[in-house]
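Remarks on the structure that follows.
The values are calculated or read from the model by the stated rules, or taken from the named source; none is laboratory data. The structure displayed is predicted, hence computed values, not measured ones. Glycine gets a Cβ as well: all are built from the backbone with ideal geometry, and neighbour counts include every protein chain shown. These accessible areas exclude ligands, DNA and RNA; they are computed on the full protein's heavy atoms, side chains included. Shrake-Rupley method; radii C 1.70, N 1.55, O 1.52, S 1.80 Å.
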Amino acid sequence: MSVLASLSLPFLRRLDPEQAHELALDALTLGVSVPIKRPKDDPALATRALGMRFSNPIGIAAGFDKNARVLRPLAQLGFGFVEAGTVTPRPQAGNPKPRLFRLTEDRAVINRMGFNNQGIDKFAVRLARLSRPLPSGRGGGAGAPVGANIGINKTGADPERDYPELVARVKPYVNYIVLNVSSPNTPGLRGLQDAVRLRGILDAISARHAERPPLLIKLAPDLEDDAIGPIIEAAVAGGAQGLIVTNTTLARPDSLQSPYRTEAGGLSGRPLKPRATEMLRLVAQAAAGRLALVACGGIESGEDILTRIRLGADLVQVYTAFAYEGPALVGRLKREMQHIMRTQGIETLDDIRGKDL
Ligand SMILES: Cc1cc2nc3c(=O)[nH]c(=O)nc-3n(C[C@H](O)[C@H](O)[C@H](O)COP(=O)(O)O)c2cc1C
């Protein structure tokens, strides 16, 4: 990590969390603490999913770059893939501030941002400008895959109209698309995870898009266990290619220490790890190899990543750990994975995928 980044992290932590986030985005835009040459990835970390190659399985989760401002610098930091959004059809301000809280004692965050974003018009323009492939860790001109995470406005939304329209707007520019039906901060959104509703949305997308990039559905960790099976059947029958498991939780584990634990919103980071891990297991069992799985929720070490891959994950994403640790996180996660793989004689991620199911 550069001196500037190591100096700036403690400084950023003293700021209001949302201001710190804005500053971090500005710093990335300016190239502060972004290496000039993207680190080359160990071939042992390479993997295939969704019909694509990834030089490593670690992505930045949605919500960090809601407006697709810093995808290139994020890829330059060493992420294996990057996801922008959630973007909605119209710009929206989101919930009143404060709406983002650091639960430092718990290595967690609570957010109730409420899809603050600049809307699809600006988002699509920025994606279109990414015409050169993003840097990836394997050279040869193949870029790090880019995803767009799409959602609906708080007011005036019609999911069967809006999701297909958003797909139309992003599909020329991205390698995959995520239907966000799991943010806890948009009233009614999580109801779209209902199998019948979900199928209706997927059918509306199929009716308009004979061809499109792979489609993933991002699930909430607060689903009842017995809702998971029908959702997966609807996803498969509706033509989806994958699932992201999971978004933030409304649950508040008893272990939470921070005074902010009673704030409303979605909890992420370390306290989400047990449920996100358990839910991945349930989803992987029910999906039985029919869908690509992206594990997300409380991932903060190489060990966490390998645990999720053993539970069937093809790829993983991080947000909260990156917010706490900054750019140094990406290299650390890869080094920890490599160390464990070497000591346990694991040659490729395929060797262990799904082995703990
Ligand atoms: C401040 C903040 C904003 C987020 N915004 C979004 C979003 O816009 N869309 C989305 O799908 N997930 C969003 N998420 C959820 C993350 O993508 C991720 O699913 C969740 O934080 C769990 O991963 P983590 O424990 O590594 O943070 C957000 C999370 C945080 C902390």
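Each residue, LEU23 and THR104, gets one label point 7 Å from its Cα in the Cβ direction; the gap between the two is 1.4 nm. Normalised per residue, the accessible area of the chain is 41 Å², obtained with a 1.4 Å probe and no contribution from ligands, DNA or RNA. The mean sequence separation of alpha-carbon pairs under 8 Å and at least six residues apart, normalised by the residue count of the chain, gives a relative contact order of 17 percent.
Working note: Karplus 6.51/-1.76/1.60 with θ = phi - 60° gives the stretch 78-90 the couplings x, 4, x, 7, 9, 10, 9, x, 6, 10, 10, x, 9 Hz, where Gly and Pro are set to x.
Along the axis of the charge dipole computed for the chain (Cβ charges of +1 for Lys and Arg, -1 for Asp and Glu, origin at the Cα centre), the listed residues PRO253, PRO96, ALA227 are led at the positive end by PRO96. The simple Förster model, with R0 at 41 Å and r as the Cβ-Cβ distance, assigns LYS37 and HIS339 a FRET efficiency of 0.95.
For the stretch 1-131, the Cβ-based charge dipole about the Cα centre amounts to some 260 debye (Lys, Arg positive; Asp, Glu negative; other atoms uncharged). A simple spin-label model places pseudo-atoms 7 Å from Cα toward Cβ; at ALA288 and ARG90 they are separated by 4.5 nm. In the chain, taking the dipole from charged Cβ atoms about the Cα centre, the farthest positive-side position among GLY265, GLY63, LEU243 is held by GLY63.
The count of lysine pairs in the chain that are at least 8 places apart or cross chains, and whose C-alpha atoms lie under 24 Å apart, stands at 21. The packing ranking of peptides 348-355, 329-336, 145-152, highest mean first, is 145-152, 329-336, 348-355, where packing means the average number of other beta carbon atoms within 10 angstrom of each residue.
Projecting the Cα atoms of LEU179, MET341, VAL125 onto the charge dipole of the chain, computed from C-beta unit charges around the Cα centre, puts VAL125 farthest toward the positive end.
The overall shape of the stretch 272-357 is oblate: from the C-alpha gyration tensor, with semi-axes ordered a ≥ b ≥ c, the ratio a/c is 1.5 or greater and a/b is no larger than b/c. Largest first, the three principal axis extents of the alpha carbons in the chain are 50, 47, 46 Å in whole numbers.
Overall, the chain carries a charge dipole of about 980 debye about its Cα centre when +1 sits on the Cβ of Lys and Arg and -1 on the Cβ of Asp and Glu, all other atoms neutral. Of all DSSP bridge pairs formed entirely within the stretch 3-351, close to 30 percent run antiparallel. Rounded to the nearest 0.05, the FRET efficiency derived from the C-beta distance between LEU250 and ALA128 at R0 = 45 Å is 0.80.
Comparing ALA93, ALA286, ALA75 in a Gaussian network model of the chain where C-alpha atoms under 10 Å apart are linked, the largest mean-square fluctuation is found at ALA93. For the set GLU83, GLU224, the ranking by accessible area, highest first and with no ligand, DNA or RNA atoms included, is GLU224, GLU83 under a 1.4 Å probe.
Of the accessible area of the stretch 1-133, computed with a 1.4 Å probe over protein heavy atoms only, carbon and sulfur atoms account for 59 percent.
Set the Förster distance to 25 Å, then compute FRET efficiency between LYS355 and GLU278 from the Cβ-Cβ distance, nearest 0.05.
Efficiency for this residue pair is about 0.90.
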